[in-house]
Amino acid sequence: MSSKPIALVTGASSGIGRTSAIALIVAGWRVVLSGRRKEELEATAEMARTALREAGKEEEAQDEGLVLVCVGDVAKESNVKEMFNEVEKVYGRLDLLFNNAGISGKAIPLEDLDIQDFLSVMDINVTAAVLCTQYATRMMKAQQPQGGRIINNGSIAAYAPRPNATSYTISKHAIAGLTKCTSLDGRKYNIAACQLDIGNAATAMGGGAANGVPQADGTIKPEATFDVQEVGRAIVYMASLPLGANVFNMTLMATSMPFIARG
């Protein structure tokens with residue numbers, strides 16, 4: 001059993017997932033790192049230990065139970081089941097699930113969309129989140145003290161769709177429905193569900209907006225981006241609330257021109 005709260009972050013090998021996992025660890029959580037690339041997950045773990053040392057938390061950085069690396073495809077139930085069994089074995093509970101794993105899919109009009117490409121996006125963006133939510137809910141209902149929080153990466157692309165972003169937009173609307181269902185079903189078990197809609201964070205996936213992306217009128221224009229570290233701060237804030245309070249939906253987006261990393 002762990003004295004620290006336990007979080008599970010899917011898609012923790014890069015971008016938003018990596019940033020959020022590190023932010024949670026620095027904030028005092030132990031984190032399960034989920035993804036398909038073992039080397040990148042281990043890199044996330046080392047980055048988190050480095051961040052702790054830079055914060056003057058050497059003892060925490062040496063904690064062998066600080067992270068748990070789980071390699072697998074969360075769109076496959078066998079992998080999800082194995083992962084949650086390992087979480088139960090190592091930590092004995094789960095306090096936070098961040099459903100973050102996702103892909104954008106091909107930019108193509110709906111009528112030209114290959115159904116297999118569509119299903120591939122739905123598997124990663126929706127099926128994986130549903131599977132992880134199912135297993136997390138079961139664990140949170142059974143553990144003592146009962147309850148926990150589930151945060152879904154909703155992305156504002158679902159509410160301001162770009163031309164040809166068919167698969168991505170449909171999948172993100174599905175996530176909004178999942179958030180609502182989980183919130184309603186989880187109340188009596190002290191499970192809070194919420195959604196973070198993320199705009200153009202400066203990552204490999206979202207940061208390209210600074211170079212220009214399709215607009216509703218068919219033109220290509222650069223869009224503002226923001227430091228991905230702000231996503232980590234938002235996740236830590238949402239996760240830190242008592243289960244009797246909940247930010248049901250938060251939108252995080254840029255308000256200026258492209259973010260440029262300095263230093």
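Among the residues of the range 160-177, the one identified as at pLDDT 85 or above, open to solvent by 30 Å² or more (accessible area, probe 1.4 Å) and of a type in the set (A, V, I, L, M) is 174. Taking the numbered list (1) free of Cβ contacts under 8 Å to residues at least 60 places away in the same chain; (2) part of a helix (DSSP H, G or I); (3) closer than 21 Å to residue 202 by Cα; (4) small (Gly, Ala, Ser) in turn, residue 13 passes all entries but (2). In the range 68-95, the residue that is nearest to residue 142 (Cα to Cα) out of those that are assigned to a loop (DSSP other than H, G, I, E, B), of a type in the set (A, V, I, L, M) and in contact with a strand residue (DSSP E or B) (Cβ under 8 Å, 6 or more places away or on another chain) is 94. Of the residues making up the range 18-51, those that are in contact with a Leu (Cβ under 8 Å, 6 or more places away or on another chain) and either touching a residue at least 40 places away in the same chain (Cβ under 8 Å) or in a helix (DSSP H, G or I) (or both) number 14. Would you confirm, using the coordinates I've provided, whether residue 52 is surrounded by 15 or more Cβ atoms within 10 Å (Cβ to Cβ) and in contact with a helix residue (DSSP H, G or I) (Cβ under 7 Å, 6 or more places away or on another chain)? The answer is yes for residue 52. Against the numbered list (1) more than 16 Å from the chain's Cα centre (by Cα); (2) within 14 Å of residue 25 (Cβ to Cβ); (3) open to solvent by 20 Å² or more (accessible area, probe 1.4 Å), residue 93 comes up short only at (2). Answer with yes or no whether residue 85 is touching a Gly at 6+ places or on another chain (Cβ under 6 Å), open to solvent by 30 Å² or more (accessible area, probe 1.4 Å), closer than 27 Å to residue 194 by Cα and modelled with pLDDT of 95 or more. No, not satisfied.
Picking from residues in the range 106-147 that are open to solvent by less than 20 Å² (accessible area, probe 1.4 Å) and farther than 19 Å from residue 82 by Cα, the one that is modelled with the lowest pLDDT is 121.
Within the range 30-40, the set of residues being within 20 Å of residue 61 (Cβ to Cβ) and crowded, with 24+ Cβ neighbours inside 10 Å comprises 31, 32, 33.
The values are calculated or read from the model by the stated rules, or taken from the named source; none is laboratory data. What you see is a predicted model, and the numbers here were worked out from it, not measured in a lab. Note that each Cβ is placed from the backbone with ideal geometry, even for glycine, and that neighbours are counted across all protein chains shown. In case anyone asks, the SASA skips ligands and DNA or RNA and just uses the protein heavy atoms, side chains included. Shrake-Rupley method; radii C 1.70, N 1.55, O 1.52, S 1.80 Å.
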